[in-house]
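The values are calculated or read from the model by the stated rules, or taken from the named source; none is laboratory data. Predicted, not measured: the structure shown is a model, and the values here were computed from it. Neighbour counts are summed over all protein chains in view; Cβ atoms, including those assigned to glycine, are modelled from backbone coordinates with ideal geometry.
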Amino acid sequence: MSQGTVSHITSPAERERRYNALREEMSANGIEALVICSRGDEFVRGRVQYVSDIFQWAGRGFVVLPLKGEAVFIVDPLWGLGYAMMGGWLDDYRMPPNAGAEIGNILGDLGLSNSSVGVVGLADITAVADFEDMKAAQPGVDWQDATDLFDDVRAIKSAEEIEATRETGRIMRRVFSALEAEIRPGVQEIDVLAEAHRLARQLGCMEGIALMGRAPFRSFTPGTRGVIEEDDVMVVDLEWGGPSGYWVEVRRVYSFRPPNDAQRRFWETRVESFAACVDAMKAGESSETILAARDRVYAAHGQNADGVISYTAHGIGVDSLEPPWVPGKERIMQEGMMINLHPAIAFADPEVGAALGGISIADNVLVTASGGERITDQVDEWIVLDA
């Protein structure tokens, strides 16, 4: 019988680099072990994947990474061990009836019953029950929140991680090119987006979403039974983790007729503001400078994003949302950070918002010393299709 391997396998050198970087921070902060918590969704499963090559679709998972010694994977019975073991990074995989108690046992076996232990995810997703079980199993442990410590390490992408992201971007370009033959009058939104899912998976993507918005823009959806019409403006958003699990989000605008004057002026503002934000992504600058660059362009065109708290930009990697969050979780940008950019905007007039609001751009941007470097699309184009 033919056998295959999973695609999300990091090199031995990259595995060593990640463990060394984490252990340096652990040592600097007096932490003897990390309990890295994950959950089977696109926002937090990447923490465990980062240290194990385990891509978890469901349930709760944990990796115990000691300062010295081998890491251990623990999972709840919802998901199991078979697929997890195909990654081949770790040697110890466990599925106990009580994950928190088992983590306590592991720490005890490592001689860490009276040590400082960091919990990655304690600030956001660690289940209360699991944490209570950990504490009950090891009451002498000094439990620390290590969420930021961990996330700040993985925010700086290696050359291998950057190339994995570029690979996902190349796949998204192929998917978009193929979709142009599917977007035509008389076709349902859901059929176009179903083809996006088929192509992305066929080209090796592990998981993702395909969304569409059409004027009047109320929201982006995973596809309604609504039929595309000849006078529509359509915006397609593809957000996918590629064969190595590294995410990109890319957005493109389509119509069957050239944009009218109002649409063209708004699109040009979008292109200008996006470029200004990319230029602002310089190492050593605050992530909040992205907002300042956006707002300078908006002000010049009589626009603003006043009161908008949705993200204009956010980190991205093996999770589709990583620090920094812009606005919300400020960081000093460093070379190697990967940030997804989709500048937010406000509309004083709801009718104008409905007519134009979905017309937008999204792409991954790599932080460099001189400014951002786009990963997927180098030029933004309003694409006019044949009807």
Notebook entry, point to check: Among the candidates G317, G226, which residue alone is of a type outside the set (A, V, I, L, M, F, W, C) and within 14 Å of the chain's Cα centre (by Cα)?
Noted result: G317
Check: Tell me, which residue of region 241-269 that is farther than 22 Å from T165 by Cα and of a type in the set (G, A, S) is surrounded by the most Cβ atoms within 10 Å (Cβ to Cβ)?
Finding: S255
Item checked: Set R214, R225, R201: member being free of Cβ contacts under 8 Å to residues at least 40 places away in the same chain and either in contact with a strand residue (DSSP E or B) (Cβ under 7 Å, 6 or more places away or on another chain) or buried (at least 22 other Cβ atoms within 10 Å of the Cβ) (or both) -> R225
Next item on the list: Output the residues belonging to region 332-360 that are surrounded by fewer than 22 Cβ atoms within 10 Å (Cβ to Cβ) and within 17 Å of the chain's Cα centre (by Cα).
Entry: G336, H342
Next item on the list: State all residues of region 231-243 that are in a loop (DSSP other than H, G, I, E, B) and in contact with a helix residue (DSSP H, G or I) (Cβ under 8 Å, 6 or more places away or on another chain); if no residue qualifies, say none.
Entry: G242, P243
Checklist line | Some residue of region 257-269 being farther than 22 Å from A155 by Cα, charged (D, E, K, R) and in a loop (DSSP other than H, G, I, E, B) | finding: yes
Note to self: Need the failing condition index for A146 against (1) buried (at least 21 other Cβ atoms within 10 Å of the Cβ); (2) over 30 Å from S244 (Cα atoms); (3) touching an Asp or Glu at 6+ places or on another chain (Cβ under 9 Å), just the number.
What the structure shows: (2)
Item checked: Neighbours by Cβ (under 9 Å, 6+ apart or cross-chain): first from region 287-313, free of Cβ contacts under 8 Å to residues at least 24 places away in the same chain and buried (at least 18 other Cβ atoms within 10 Å of the Cβ); second polar (S, T, N, Q) and assigned to a helix (DSSP H, G or I) -> A293/S273; D295/S273
Note to self: I'd like to know if region 270-283 contains one or more residues that are touching a residue at least 40 places away in the same chain (Cβ under 8 Å), out of contact with any Gly (no Cβ under 9 Å at 6 or more places or on another chain), loosely packed, with under 14 Cβ neighbours inside 10 Å and over 30 Å from I9 (Cβ atoms).
What the structure shows: no
Notebook entry, point to check: Restricting the search to region 162-191, which residues are of a type in the set (D, E, K, R) and either outside the structural domain of G317 (by TED's automatic domain parsing) or surrounded by fewer than 21 Cβ atoms within 10 Å (Cβ to Cβ) (or both)?
Noted result: E163, R166, E167, R170, R173, R174, E180, E182, R184, D191
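Tell me which residues, restricted to region 109-126, are part of a loop (DSSP other than H, G, I, E, B) and surrounded by 14 or more Cβ atoms within 10 Å (Cβ to Cβ). I'd like the intermediate steps shown before the answer.
So the first thing to find is which residues in region 109-126 are part of a loop (DSSP other than H, G, I, E, B), and the list is 110-115, 121-126.
Within region 109-126, L110, L112, S113, S115, G121, L122, I125, T126 meet the criteria.
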Check: With A129, A194, A159 as the choices, which residue is out of contact with any His (no Cβ under 6 Å at 6 or more places or on another chain), closer than 15 Å to L238 by Cα and surrounded by fewer than 22 Cβ atoms within 10 Å (Cβ to Cβ)?
Finding: A194
Note to self: Quick check on I9: is it among the β-branched types (V, I, T), crowded, with 23+ Cβ neighbours inside 10 Å and in a loop (DSSP other than H, G, I, E, B)?
What the structure shows: no
